[in-house]
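Have a look at the structure below, then the notes.
Here, each number is a calculation from the coordinates, and none is a lab measurement. Because the structure is predicted, anything quoted here is derived from the model rather than measured. Note that each Cβ is placed from the backbone with ideal geometry, even for glycine, and that neighbours are counted across all protein chains shown.
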Amino acid sequence: MLSSFARLARCARLPTPPRPLAQLARPRSLPARTYSSAPRGPQRYVRFGESGGPGGGAPRNPWDVRNWDRTATVIAGVGSFVLVYYLSHLEQVPETGRWRFMDISPKYEAMLAETAHEQLMKEFKGKVLPPNHPLSRHIRRVVERILEANGLGTLQAPGVTDSQVRPSAEVWSAVDPDRMPPESGGKQWHLFVVNDDKMVNAMASFGNIVVFTGILPVAKDENGLAGILGHEIGHAVARHASESYSGMKVFLFLAAVLEVVGIPFSSIVTQLLYDLPNSRTMEYEADKIGLRLAARACFDPEGVPQAFSRLAQLERAMGGMHIDFLTTHPASDKRSKVLREMLPEAYAAQAASPMCGQTADHMAQFRDTWMGGLDPDRMSEARWT
């Protein structure tokens with residue numbers, strides 16, 4: 001009997017109390033989502049260890065070579081080579097101490113000298129006065145005194161043909177310094193006296209000295225001519241032509257680099273900011289060197305600024321307007337003033353020269369030879385109007 005009641009008790013199931021309706025309807029709480037109206041940028045792959053990425057630290061150092069790509073490495077390599085090349089070819093002008101870039105070798109100057117001499121022979125063929133002409137003899141004497149007093153070499157002997165002096169370009173080599181142009185340590189110069197009264201000019205480069213007869217009224221006498229020729233020889237001694245060639249290489253390289261990066265290269269800006277200022281610097285430098293050369297050769301230094309004053313007078317008579325910023329040469333009046341300020345130094349150099357002696361008779365002979373009674377102070381009205 002008891003066992004029947006026990007089985008009934010184990011099998012009995014009491015009903016569970018019903019759950020409240022509100023509890024059954026309550027939803028599960030979800031985390032709130034935030035929304036942004038800003039546009040989403042492109043996805044970027046972040047390398048492990050970079051700033052902003054997993055394990056990121058400090059920003060990358062742009063000067064660390066390990067962080068450079070191939071383009072940056074090439075640019076840095078080329079730039080370093082150019083900088084080292086430029087600095088290794090800087091030198092000082094011995095006569096003035098001015099720093100400049102120079103990468104023209106003496107052997108290349110010899111090639112330029114050969115080419116320049118041949119061009120001058122062709123250009124002035126039939127116009128060069130013979131060596132025995134009175135003007136040629138007087139000009140030659142002035143040049144020889146300047147070269148001898150300053151240890152700059154000698155002129156080619158009169159009557160010696162060009163074929164006897166330069167049989168071929170082989171004589172212009174670094175192993176034969178006597179055949180090198182004087183700018184490169186050579187010892188031989190060539191003089192051309194060109195019969196052209198309309199050309200008021202003289203020039204000297206790569207061992208060739210060219211004097212046009214039109215410059216003689218400006219020179220007036222041997223002192224003035226010595227100042228003018230000293231200026232031109234000063235250009236050659238300071239190797240200004242080779243310096244210009246060297247500077248041209250630098251700007252051609254800069255132009256190529258700017259073209260590659262897409263920046264147009266303006267030749268006008270280069271001319272205004274480099275070519276013209278540098279040319280005027282060379283002119284002042286040649287004035288200073290020329291004054292010293294003439295003074296050491298025992299010519300009166302006072303004649304040099306006087307010659308430039310006469311040149312300024314001629315320029316005014318011809319109606320020319322001079323703007324320094326737009327010209328290769330400074331104004332002659334300004335150059336004369338600068339030369340006068342250097343006269344004490346020139347007289348000191350003259351006093352120290354062992355060569356100086358009596359030159360008054362040479363001045364008078366030179367003046368009487370070519371002036372022919374012409375008043376130098378009225379030369380512009382007499383010959384140029």
Whole-Hz ³J(HN,Hα) from phi, Karplus 6.51 cos²θ - 1.76 cosθ + 1.60, for the range 142-153, glycine and proline x: 5, 5, 4, 5, 5, 5, 5, 5, 10, x, 9, x
Proximal charge balance of residue 350 [Cβ under 14 Å; K/R count +1, D/E count -1]: 0
For the modelled label position 7 Å from the Cα of residue 74 along Cα-to-Cβ, which residues of the range 229-254 have backbone nitrogen atoms closer than 17 Å? none
If the chain between residue 107 and residue 268 were fully stretched, how many nm would it gain, using 0.36 nm times the residue separation less the Cα-Cα distance? 54.7 nm
Just in the range 99-139: which trypsin sites (Lys or Arg not before Pro) are loop by DSSP and have at most 14 other Cβ atoms within 10 Å? 125, 127
When Lys and Arg each count +1 and Asp and Glu each count -1, what net charge do the other residues less than 12 Å away from residue 312, Cβ to Cβ, add up to? +3
Just order 282-288, 223-229, 85-91, 263-269 by mean Cβ neighbour count inside 10 Å, highest at the front, would you? 223-229, 282-288, 85-91, 263-269
Amide H to amide H under 5 Å from residue 191: which residues, 5+ apart in sequence or cross-chain, H placed 1.01 Å off N in plane? 156, 209
